[in-house]
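The values are calculated or read from the model by the stated rules, or taken from the named source; none is laboratory data. Computed from a prediction, not measured in an experiment: that's the story for all the values here. Cβ placement follows ideal geometry from the backbone for every residue including glycine, while neighbour counts extend to all protein chains displayed.
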Amino acid sequence: MTRADVIVIGGGIAGLSAAGMLAQDASVLVLEAEPHLGYHATGRSAAIFIRNYGNAVLRSLNAASAPVLESPVGGDASLLSPRGELLIATRDELQALDDYVAGAAGLHVLTAQQAVELVPILRPERIAGAVIEWDAQDIDVDRMLAGYTRLLKAQGGEIVTGAKVSAITRHNEVWQVHVGKDVFTAPVVVNAAGAWAAEVGQMAGALPVPLQPLRRSAAILPAPEGHDPREWPLFVSASEQWYAKPEAGKLMVSPAEEDPQPAHDAWADDMVLAEGLHRFEQAVTVPVTRVETTWAGLRTFAVDRTPVVGFDNRAPGFFWLAGQGGYGVQTAPALSLLTAALIRGEQSDLPESVIAALDPVRFDTPLQT
């Protein structure tokens, strides 16, 4: 039986960043079910930081994360590099574009010709509206994950991989987390299990937080003939029917689907991918002639599209760090700091309204008698 002050279930960017922050003054143990850290959502991220992405709560988290991404803990160089995000709208998508602009800041309106100057393969006749967020930046996710891992280990934290949790029990105010025949104990358990977070919560007898994993697929295409896309911005349809991002001299294209799935090791659906690539083809002047590789990941959302962060009010010492959806990497710095503050009983720099919006108690309903 191994004892710690805090057990973190999940070795993705959410769990490792929180563990790194908590290890400053506590013994922390991370349990990761897979053989490698960051195997699921973290390792399949689009790796882009978009300040205007998400609802008002998420935009607050984005703003709070930006300084840490620019100056990471441990004195590492910035994790961000220039990219930009270009949103284009057909006539049918103008309302979606207007809705996005209404809640955003730092956007610049472009003409169709200006959009084509940035991404030469776009069809100008299909562009009824366009805006760009110049501050959108690439995130070096590998270096970010490695930085938090180093921070955790430097402070004495431990990581156990291949550690799939089979049961969670509680006795004398201490949690017992069972991994096969091994038992790990701690007064606090952090549920950062991504697509498996609802399952972990159920094991602990915690609130039935309504979390749903949604599949999103992607494909790597060769660079369009005669073009070098490395300096292009990420470009996306205003109603998010597809998006494309330069990736090592090639193009990553996603159908941007959100298909409900059970928690599993996701893979791309060929038909969904084909339909998404067809939508992409309608917006550009070059055909898709070859797909080099495909993959998919699960983005797990609560029903209100806001992360779930805070202590459970039915399972003492059980802490939710889940439901980050497609924002997990870019909000990890802010949520890790919040997690550490709440577990220590300290004041957070985030507004009280944001902390309240994240609290899992919002999903509590009176028990039926």
#### Entry: Residue identified as under 30 Å from residue 16 (Cβ atoms), crowded, with 18+ Cβ neighbours inside 10 Å and in contact with a strand residue (DSSP E or B) (Cβ under 9 Å, 6 or more places away or on another chain) among 79, 86, 97
79
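Matching residues to (1) aromatic (Phe, Trp, Tyr); (2) under 11 Å from the mean Cα position of the chain (by Cα); (3) outside the structural domain of residue 261 (by TED's automatic domain parsing):
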{"residue": "290", "(1), (2), (3)": "no, no, no"}
{"residue": "295", "(1), (2), (3)": "yes, no, no"}
{"residue": "316", "(1), (2), (3)": "no, no, yes"}
{"residue": "322", "(1), (2), (3)": "no, yes, yes"}
{"residue": "328", "(1), (2), (3)": "no, yes, yes"}
{"residue": "332", "(1), (2), (3)": "no, yes, yes"}
{"residue": "339", "(1), (2), (3)": "no, no, yes"}
### Task
Could you tell me whether the range 76-97 includes any residue that is within 15 Å of the chain's Cα centre (by Cα) and outside any loop (DSSP other than H, G, I, E, B)?
no
### Query
Within the range 46-65, how many residues turn out to be crowded, with 19+ Cβ neighbours inside 10 Å and in a loop (DSSP other than H, G, I, E, B)?
7
## Note on the structure
Given the conditions (1) loosely packed, with under 15 Cβ neighbours inside 10 Å; (2) in contact with a strand residue (DSSP E or B) (Cβ under 9 Å, 6 or more places away or on another chain), every one holds for residue 113 apart from (2)
### Summary
Over the range 1-39, the set of residues over 28 Å from residue 266 (Cα atoms) and part of a loop (DSSP other than H, G, I, E, B) is 1, 4, 5, 23, 24, 25, 26, 27
## Note on the structure
Considering the range 125-134, residues that are in contact with a helix residue (DSSP H, G or I) (Cβ under 9 Å, 6 or more places away or on another chain) and not in a helix (DSSP H, G or I), and then whichever is nearest to residue 43 (Cα to Cα), we arrive at 132
### Summary
If we keep only residues of the range 286-319 that are touching a helix residue (DSSP H, G or I) at 6+ places or on another chain (Cβ under 7 Å) and among the hydroxyl-bearing types (Ser, Thr, Tyr), then the residue surrounded by the fewest Cβ atoms within 10 Å (Cβ to Cβ) is 294
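Check whether at least one residue in the range 144-154 is of a type in the set (Phe, Trp, Tyr) and assigned to a loop (DSSP other than H, G, I, E, B), and report yes or no.
No; the residues of the range 144-154 include none that is of a type in the set (Phe, Trp, Tyr) and assigned to a loop (DSSP other than H, G, I, E, B).
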### Query
Can you find even one residue in the range 148-155 that is crowded, with 16+ Cβ neighbours inside 10 Å and small (Gly, Ala, Ser)?
no
### Matching residues in the range 267-297 - criterion: being without any contact (Cβ under 8 Å) to a residue 60 or more places away in the chain and either in contact with a Lys or Arg (Cβ under 7 Å, 6 or more places away or on another chain) or among the charged types (D, E, K, R) (or both)
269, 270, 275, 279, 281
### Query
Within the range 23-44, restricting attention to residues that are surrounded by fewer than 19 Cβ atoms within 10 Å (Cβ to Cβ) and over 18 Å from residue 164 (Cα atoms), which residue is nearest to the chain's Cα centre (by Cα)?
43
